[in-house]
Amino acid sequence: MSARNPKGFNTKAVHVGSPTGDAGSITSPIAQTSTFRFPNVEAMADVGLGRRAGDFYTRYGTTNHHVVEEKVAALEGAEAGLLFGSGMAAISTALFPFVRPGDEIVSMPDLYGGTLALFHTVLAPLQITTRFVDGSRADAVAAAIGPKTKLIYLESPTNPLLRLADVEAICKVARSRKIITVLDSTFASPLNQSGPALGVDITVHSATKYLGGHHDVTAGVALGSRERMAALLPYRKFLGGVHEPIASWLLERSVKTLGLRVRQQNETTLALARALEGHPKVQKVFYPGLESHPQHALARRQMPRGFGGVLSLQIEGGVAGASRVANRLQLAAIAPSLGGVQTTVSLPIYTSHAGLSPEERRQAGIDDGLLRVAVGIEDAEDLIADFEQALAG
Ligand SMILES: Cc1ncc(COP(=O)(O)O)c(C=O)c1O
C-alpha cells in the first residue's frame, strides 16, 4: 500500500481526491462560483476547446465536484463517478444515454416511488416502456428480456420491505445478452455493497442519504467505468442536473466519515431489530440482517460488511397502532428521509406508498401498520429504550 493509493475504506474516504501531503489547506478550497475567469482569450480557448484540462463553467463540472467523484468512486470500487444535484438527477441521467423510443427496460415493482414515477411519467410518453418482474429471481428477469430490452434497472435493498434483488445473478444474465445494468444502491451505501463487484455497469446513490449523512445536503452520484461516465457527461451537461459547489464541499466532508457512520448504523440497526423481534406489539420485523429474513443468505453474500441502517416494523393495530408508536417516540424524528445521523421514522402508507389503493398496497405486502425506521448514530441502548417506551403506550 502506498500513501497515495490506500487500500482501507476509511483511509480512502479521508484521502482520495482531497488535498494530502502538500503544504496548504488541509481541506479542499471551495470555488463557490458559476464561472471561471482567464488571463487572456488564448487561455480561455485552451480550456474551452479541451486542449488543456481546467475549470471553465460550473454546470460543466468543477474541482469541487471531481474531488467527491473520485472519493466515492474509490469507495464503491468503480473507475469513475459523476456527481449530480439529486439522486433523481443521477438516476434519470444514467438512463437517457442508453434508451431510445421503442426500447424496453426490465425492472422490479418495489422501486423508490420517484423512480417509478420517472418510468411512468417521463419515459412512457417517450415510448420507452418498462416491464416489472420479481427482482429477487434472476430467472424471472431473464424471462422478461425481449428483443427490445436495452437496460435492466434494479434497486437493492428495497424500500420499505428490505427485499433484495439477486444482483450478481441478474448481471450475469444481462452481460450474456449485452444489456446494460443500473443499480440503485442507496439503501446499502458503498460500505455495505459494491455495484462493480457484483457486475453492475452503473451504480447510483441518492447521496442525500448515507453519503451526505447529516440531513443537510441533496445530491446524487453515478459510478462505473470511465467509458460509461463519459457517455453520461453530456447528458449531465445538457439536462443540467449539476451540484452546487458549496454543497459538494459539504458532501466531501461528510463522505470522510461514511465508514464510521454506516458501520455504527449497521450495528445499531441489527441490535434494534433483534430487540424488537418477538415484541408482543410488533407483528414482524423486516431486516436483511435477521436470520428470519427470507433472503438472509443472499444478504450475507451481497452485503458482506453489513445490512444497512433501515428496518421496518409491522405494528399491531394498523395505521392507528403505528401512528401511536411514531408519535410517542422521543429520539426518532417523524420525517420521510433516511441515512442521516438522527433516527427518523415514517409510515409508508402516508409517504412512499400513499398513491396506491389499499388493494395495491396489500399486493405489494405493505401493511397499514408498517413503520419504517431509518436508524441514526444514537446509542443502541437509548434507541431500544425509546422504542420500548413508545410501544408500551
Ligand atoms: C432508494 C432511493 N433512490 C433514490 C432516491 C431519490 O433521491 P433524491 O431525493 O436525492 O433525489 C431516494 C429518495 O428517497 C431513495 O430512497
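Below, the figures for the structure above:
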quantity	calculated
Using alpha-carbon coordinates, inclination of helix 380-392 to the longest axis of the chain, degrees	40 degrees
Mean Cβ neighbour count within 10 Å, used as a protection proxy, ranking 35-48, 152-165, 318-331 highest first	152-165, 318-331, 35-48
For the range 16-93 versus the range 252-277, the gap between their alpha-carbon centres in whole angstrom	30 Å
CD proxy at 222 nm, helix term only [per DSSP H run n ≥ 4: -39500 (n - 2.57); per residue of the chain; nearest 500]	-11000 deg cm²/dmol
Probe 1.4 Å, protein heavy atoms only - accessible area per residue of the chain in square angstrom	43 Å²
Rg/Rg_globular for the chain, with Rg_globular taken as 2.2 N^0.38 Å and Rg from C-alpha atoms	1.01
Unit charges at the beta carbon, dipole of the range 243-393: most positive-side option, HIS279, GLY308, LEU370	GLY308
Proximal charge balance of PHE187 [Cβ under 10 Å; K/R count +1, D/E count -1]	-1
Electrostatic dipole magnitude of the range 12-95 [Cβ: Lys, Arg +1; Asp, Glu -1; Cα centre; debye, to 20]	140 debye
Separation between Cα centres of the range 192-220 and the range 340-393, rounded to whole Å	22 Å
Convex hull volume per residue for the range 258-392, taking Cα atoms only, in Å³	104 Å³
Extension gain (nm, one decimal) between LYS148 and LYS256, 0.36 nm per residue minus Cα-Cα	34.7 nm
Computed log₁₀ I(q)/I(0) - Debye formula, equal Cα scatterers, no solvent, the range 1-147, q 0.13 Å⁻¹	-0.86
The range 47-85 residues near the modelled VAL122 label - backbone nitrogen below 20 Å, point 7 Å along Cα→Cβ	59-61, 81-85
Separation in nanometres of the label points that stand 7 Å from Cα toward Cβ, at THR27 and GLU277	4.1 nm
The chain: angle of helix 258-276 to the longest principal axis, Cα-based, in degrees nearest 10	10 degrees
The chain: relative contact order in percent, alpha carbon pairs under 8 Å with at least 6 residues between	16 percent
Whole-Hz ³J(HN,Hα) from phi, Karplus 6.51 cos²θ - 1.76 cosθ + 1.60, for the range 203-219, glycine and proline x	9, 10, 9, 7, 6, 4, 8, 5, 4, x, x, 10, 6, 9, 9, 9, 6
Kirkwood Rh and Cα Rg combined as Rg/Rh, the range 130-263	0.99
For THR149, residues with placed amide H under 5 Å, excluding near neighbours	GLU104
Value of D in µm² per second that Stokes-Einstein yields for the range 3-64, Kirkwood Rh from Cα pairs, at 20 °C (1.002 mPa s)	153 µm²/s
Lys/Arg +1, Asp/Glu -1 at C-beta; the chain dipole; positive extreme among ALA138, THR149, GLY113	THR149
Spatially near lysine pairs across the chain, Cα under 19 Å, sequence gap of 8 or more or different chains	11
Point-charge dipole on Cβ atoms (K/R +1, D/E -1) for the chain, about Cα centre, debye to 20	900 debye
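The values are calculated or read from the model by the stated rules, or taken from the named source; none is laboratory data. None of these values were measured; they are calculated from a predicted model. Cβ atoms come from the backbone with ideal geometry, glycine included; neighbour counts cover every protein chain shown. Heavy atoms of the whole protein, side chains included, go into the accessibility calculation; ligands, DNA and RNA do not. Shrake-Rupley method; radii C 1.70, N 1.55, O 1.52, S 1.80 Å.
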